[in-house]
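**Q** Next up is a structure, given as structure tokens.
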Ligand code: SAM
Ligand code: SF4
């Protein structure tokens, strides 16, 4: 266990677990999302402004050693599932080696990755070899021009190479598909061919207010469930005991599932089991908060493991009932960019 300053990088894998991390509403935290960078090779309209956001300086981003220490601490607190996200994780040098270390040295058993797939295909063989638990691939459309319009980059071909290679390697795959104001029925139906033909979970995601722009006016949003029922009338909801942000549906003739993630409606807050660490080292106990605990400054001022754990517990004990309540308190003047938060 760390008992002294920031240069002590011993890991805490073998230490016994502590009392679980349970918030003031009785929700147990078992899932940690790490945004390891804010840099990205796409510029999705709902995530970043066209000019990008001024990237954090390298020294303002947590080092891999600091991230490993935090993962160890969260594991001691009962976190079992870790997701690497960004920005684009592979836009940060050393991402694959970091993932390898998390699994082999830090002892993470459930390690997932969210990626846009642009540069990912070359890493898939290694990811399969080290036993990655699953990949979420972001893909909003199968139409080349629409892809270019949404992401402001002409890279659909490369994403599809990643998609089909991951399928070939039998890496468990989910597709994240944000539904924007301009998503057409045809695009949704075309994406629906993927879970029909492959063992893929395709999840349509409500667009949330994280564009990095000033537009806080609520945008018109279809009810995703109504739309799905209209476009795929034979879908039946799958019953599951697993805590998930997605509601999943399937039908005979489908090898995979179609799901919806009602992130803007915030329908799943009652069972929320996750925390996030932003690319500049702040812990968020709710997607809609402003980053409630500055872990980076604790790590860099020599805080002991005990002090960090105690600060994490304290923050988790002050959560709000749901994302609506959190957002009200934050009283935002503009939407934060999602690339710093990780989704
Ligand atoms: N760059 C990687 C990617 O796109 O998969 C990982 C980071 S990205 C921020 C993580 C997820 O957040 C993606 O699936 C993306 O579609 C989603 N996302 C980004 N901005 C969003 C928004 N405003 N509303 C809903 N989902 C969003
Ligand atoms: Fe990049 Fe992912 Fe944001 Fe798109 S959603 S700009 S790929 S971080």
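The values are calculated or read from the model by the stated rules, or taken from the named source; none is laboratory data. The structure presented is a predicted model; accordingly, all values stated were derived computationally and were not measured. Cβ atoms come from the backbone with ideal geometry, glycine included; neighbour counts cover every protein chain shown.
**Q** Has region 193-203 got at least one residue that is touching a strand residue (DSSP E or B) at 6+ places or on another chain (Cβ under 7 Å), over 17 Å from residue 123 (Cα atoms) and part of a helix (DSSP H, G or I)? Before the answer, list the steps.
**A** First pass over region 193-203, keeping only residues touching a strand residue (DSSP E or B) at 6+ places or on another chain (Cβ under 7 Å): 194-195, 200-203.
Narrowing further to those that are over 17 Å from residue 123 (Cα atoms): 194-195, 200-203.
Subsequent filtering for residues that are part of a helix (DSSP H, G or I) retains 194-195.
Yes, region 193-203 contains at least one residue that is touching a strand residue (DSSP E or B) at 6+ places or on another chain (Cβ under 7 Å), over 17 Å from residue 123 (Cα atoms) and part of a helix (DSSP H, G or I).
**Q** Now a separate question. Quick one: which residue in 101, 83, 69, 92 is closer than 22 Å to residue 119 by Cα and more than 19 Å from the chain's Cα centre (by Cα)? It would help to see each step written out before you state the result.
**A** Values: 83 fails: more than 19 Å from the chain's Cα centre (by Cα); 69 fails: closer than 22 Å to residue 119 by Cα; 92 fails: more than 19 Å from the chain's Cα centre (by Cα).
Exactly one residue qualifies, and that residue is 101.
**Q** State whether one or more residues within region 184-197 are under 15 Å from residue 142 (Cβ atoms), surrounded by 19 or more Cβ atoms within 10 Å (Cβ to Cβ) and within 15 Å of ligand 2 (Cβ to nearest atom).
**A** no
**Q** Tell me which residues, restricted to region 229-250, are surrounded by fewer than 17 Cβ atoms within 10 Å (Cβ to Cβ), touching a strand residue (DSSP E or B) at 6+ places or on another chain (Cβ under 9 Å) and in contact (Cβ under 8 Å) with a residue 12 or more places away in the chain.
**A** Residues satisfying the conditions are 236, 237, 238, 243, 244.
**Q** Under the condition of being part of a strand (DSSP E or B) and under 19 Å from residue 91 (Cα atoms), which residue from region 26-49 is farthest from ligand 1 (Cβ to nearest atom)? Spell out the reasoning first.
**A** The initial filter retains those residues of region 26-49 that are part of a strand (DSSP E or B), namely 28, 31-35.
Imposing the further condition that a residue be under 19 Å from residue 91 (Cα atoms) reduces the set to 33-35.
On the way: 33: 9, 34: 11, 35: 7 Å.
Top of the filtered list is 34.
**Q** To continue, here is another question. What is the residue count in region 213-228 for residues that are over 27 Å from residue 29 (Cβ atoms), touching a strand residue (DSSP E or B) at 6+ places or on another chain (Cβ under 9 Å) and at pLDDT 85 or above?
**A** Let us first name the residues in region 213-228 that are over 27 Å from residue 29 (Cβ atoms), namely 213-223, 225-228.
Then keep just the ones that are touching a strand residue (DSSP E or B) at 6+ places or on another chain (Cβ under 9 Å); that gives 213, 221-222, 225, 227-228.
From what is left, the residues that are at pLDDT 85 or above are 213, 225, 227-228.
Matching residues across region 213-228 total 4.
**Q** Please enumerate the residues belonging to region 313-336 that are touching a strand residue (DSSP E or B) at 6+ places or on another chain (Cβ under 7 Å) and either modelled with pLDDT of 95 or more or over 24 Å from residue 57 (Cβ atoms) (or both). Before you say what the answer is, go through the steps one by one.
**A** Pass one, region 313-336, residues touching a strand residue (DSSP E or B) at 6+ places or on another chain (Cβ under 7 Å): 315, 335.
Answer for region 313-336, where residues must be touching a strand residue (DSSP E or B) at 6+ places or on another chain (Cβ under 7 Å) and either modelled with pLDDT of 95 or more or over 24 Å from residue 57 (Cβ atoms) (or both): just 315.
**Q** When only residues in region 53-85 that are in a helix (DSSP H, G or I) and touching a strand residue (DSSP E or B) at 6+ places or on another chain (Cβ under 9 Å) count, which is nearest to ligand 1 (Cβ to nearest atom)?
**A** 67
**Q** Please give the number of the condition residue 176 fails out of (1) surrounded by fewer than 19 Cβ atoms within 10 Å (Cβ to Cβ); (2) in contact with a strand residue (DSSP E or B) (Cβ under 9 Å, 6 or more places away or on another chain).
**A** Of the numbered conditions (1) surrounded by fewer than 19 Cβ atoms within 10 Å (Cβ to Cβ); (2) in contact with a strand residue (DSSP E or B) (Cβ under 9 Å, 6 or more places away or on another chain), the odd one out for residue 176 is (1).
**Q** Sort out which residues of region 86-98 are in contact with a helix residue (DSSP H, G or I) (Cβ under 7 Å, 6 or more places away or on another chain) and not in a loop (DSSP other than H, G, I, E, B), and write them in order of number.
**A** First, the residues of region 86-98 that are in contact with a helix residue (DSSP H, G or I) (Cβ under 7 Å, 6 or more places away or on another chain): 86-87, 89-90, 94-96, 98.
89, 90, 95, 96, 98, listed by residue number.
Residue-wise test of (1) within 16 Å of ligand 1 (Cβ to nearest atom); (2) under 27 Å from residue 209 (Cβ atoms); (3) crowded, with 18+ Cβ neighbours inside 10 Å.
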site: 293; (1), (2), (3): no, yes, yes
site: 300; (1), (2), (3): no, no, no
site: 303; (1), (2), (3): no, no, yes
site: 306; (1), (2), (3): no, no, no
site: 312; (1), (2), (3): no, yes, yes
site: 318; (1), (2), (3): no, yes, no
site: 323; (1), (2), (3): yes, yes, yes
